[in-house]
Amino acid sequence: MTLAAVVLTCCSEDSEVSAQTVESTGKTLVVYYSYTGNCEQIVETLAGQIQADVMRIEPADKTQRYEANNYAIGTELLNTIKAAPNEATSYPAIDPVSVEDLSPYQNIIVVTPLWWSQMAAIMQTYLFNHSTEMSEKHVALIVSSHSSSIGGVVSDAKRLLPGVVWAGDALWINNSNHSARASMIENWLKTLNLAKKQTIMGKMYINIGSKTLPVVLDDNSATEALTAALQEGDIAYEANDYGGFEKVGSIGSMLPTEDAQTTTQPGDVVLYNGSQIVLFYGSNTWSYTRLGRIEYTSAEELEAFLKAGQGNVVVRLSASSAPTAISVVRTAVGEDVYYTMNGQRAYAPRKGLFIKNGKKVVL
Ligand SMILES: Cc1cc2nc3c(=O)[nH]c(=O)nc-3n(C[C@H](O)[C@H](O)[C@H](O)COP(=O)(O)O)c2cc1C
């Protein structure tokens, strides 16, 4: 019954019906621009205090000296935007960005310099281009200036991002308090209303072949650990028939156990020996930790779903009923086993992209 297991880490941040909410902050992206290095230092300090991905915006034209001739070029760029703020051509070109897909992020922190009491033109380009994708996300703003106050930058941010949820007041860091930024950022972060990660407690989904059924979960330490793991990505494992009443397979890692002598019913999902998940199409009496119950309508449907008596299947557990993209794959057992990009075991892999020992391989 030792079976290979793959853990498919994906980008699902599902927020369906939830019985409980895990109070950890959702995924955060810090987007910044820095010409003379102050915002860069602010971002370094910020990144030391929160878990976040960081993306730097760069102008396409790196030869510009914005401060030359009494900041004439910076002024010119801002005046062009002011004259036609709804025209994409008003904004200076920027390099392609490293994070193209904002969908995994619930929170975005924008860190920008102030130029002539406005938002630096380069950062304005990014916000103008990505305003739609950022809508409904929780957004916070840090502005760095020499001494000017930041009301104009806040106005620019509101104009450029009409659809976002502002997570709190903007933080102003200037030349005289730049060196005290660590404590300023720490205190400011505490005031923010950042989006929280929604964890689906109470439900998960089992996929076998082309069919997916929901599972109503019990509330115990095993299901808590399992749903937390599913928040990181789907879990796929191989399961086989045993005893004429169950499909059982190892998920490759241990969950907490609360074992008790149990007589199972068809549809029951239990944990056996801490790492084996058992899906019942019949009944057995043993010491298990209950995980939950598959929602099915008839014994025939359940037996067909579990492919009762038909041997090996790949079972995929997920927090969401929707299929999710796979970004990282890790095999729990270092076998020479190939999986398709959908997490299905490939018994005779030929040409194409497969997953072997946790790595994508091209055959
Ligand atoms: C084009 C330009 C215009 C600026 N205008 C102002 C200003 O009006 N008031 C101010 O206090 N600082 C102004 N500054 C200074 C920057 O806001 C300040 O140095 C900031 O910390 C720069 O951030 P960075 O080092 O990340 O580029 C300006 C800087 C530039 C390049």
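The values are calculated or read from the model by the stated rules, or taken from the named source; none is laboratory data. Predicted model, so just to flag it, every value in this text is computed and none were measured. Please note: Cβ atoms are built from the backbone with ideal geometry, for glycine as well, and neighbour counts cover all protein chains shown.
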Which fully enclosed helices (runs of 4 or more DSSP H) of the range 66-183 have 2 or more residues being under 24 Å from residue 54 (Cβ atoms), more than 16 Å from the ligand (Cβ to nearest atom) and not small (Gly, Ala, Ser)? 121-134, 151-160
Which residue out of 91, 71 is on the phi < 0 side of the Ramachandran plot and either outside the structural domain of residue 130 (by TED's automatic domain parsing) or of a type in the set (Phe, Trp, Tyr) (or both)? 91
Is it true that some residue in the range 172-186 is farther than 30 Å from residue 112 by Cα and either assigned by TED's automatic domain parsing to the domain that holds residue 114 or touching a Ser or Thr at 6+ places or on another chain (Cβ under 9 Å) (or both)? no
Pick from the range 23-56 the residues that are within 11 Å of the ligand (Cβ to nearest atom) and not in a helix (DSSP H, G or I): which of them is farthest from residue 174 (Cα to Cα)? 56
Within the range 89-115, which residues are surrounded by 15 or more Cβ atoms within 10 Å (Cβ to Cβ) and touching a Leu at 6+ places or on another chain (Cβ under 8 Å)? 92, 102, 105, 106, 107, 108, 109, 110, 111, 112, 115
State which residue pairs qualify: first residue within 17 Å of residue 40 (Cα to Cα) and inside the range 181-193, second residue surrounded by 13 or more Cβ atoms within 10 Å (Cβ to Cβ) and among the polar types (S, T, N, Q) in any location, beta carbons under 7 Å apart, and separation of 6 or more residues or different chains. 181/45; 182/45; 185/45
Quick check on residue 220: is it among the polar types (S, T, N, Q) and in contact (Cβ under 8 Å) with a residue 12 or more places away in the chain? yes
Within the range 184-211, of all residues that are part of a strand (DSSP E or B) and hydrophobic (A, V, I, L, M, F, W, C), the one modelled with the lowest pLDDT is 204
Candidates 140, 120, 167, filtered to the one that is aliphatic (A, V, I, L, M) and free of Cβ contacts under 8 Å to residues at least 60 places away in the same chain: 140
Any chance you could count how many residues in the range 29-67 are surrounded by fewer than 19 Cβ atoms within 10 Å (Cβ to Cβ) and among the hydroxyl-bearing types (Ser, Thr, Tyr)? 4
Flag for residue 213 being closer than 21 Å to residue 40 by Cα, away from the ligand (no atom under 16 Å from the Cβ) and touching a residue at least 40 places away in the same chain (Cβ under 8 Å): no
Residues in the range 196-208: is at least one more than 16 Å from the ligand (Cβ to nearest atom) and under 30 Å from residue 81 (Cα atoms)? no
Test for residue 79: is it under 22 Å from residue 145 (Cα atoms), at pLDDT below 90 and assigned by TED's automatic domain parsing to the domain that holds residue 145: no
For the range 212-330, list the strands (runs of 3 or more DSSP E) that sit wholly inside it and hold at least 1 residues that are among the polar types (S, T, N, Q); which are they? 233-242, 246-250, 260-263, 276-280, 285-294, 313-318
Quick test of your reading of the structure: residue 102 fulfils all but one of (1) over 29 Å from residue 189 (Cβ atoms); (2) in contact with a His (Cβ under 9 Å, 6 or more places away or on another chain). Name the failing condition by number. (1)
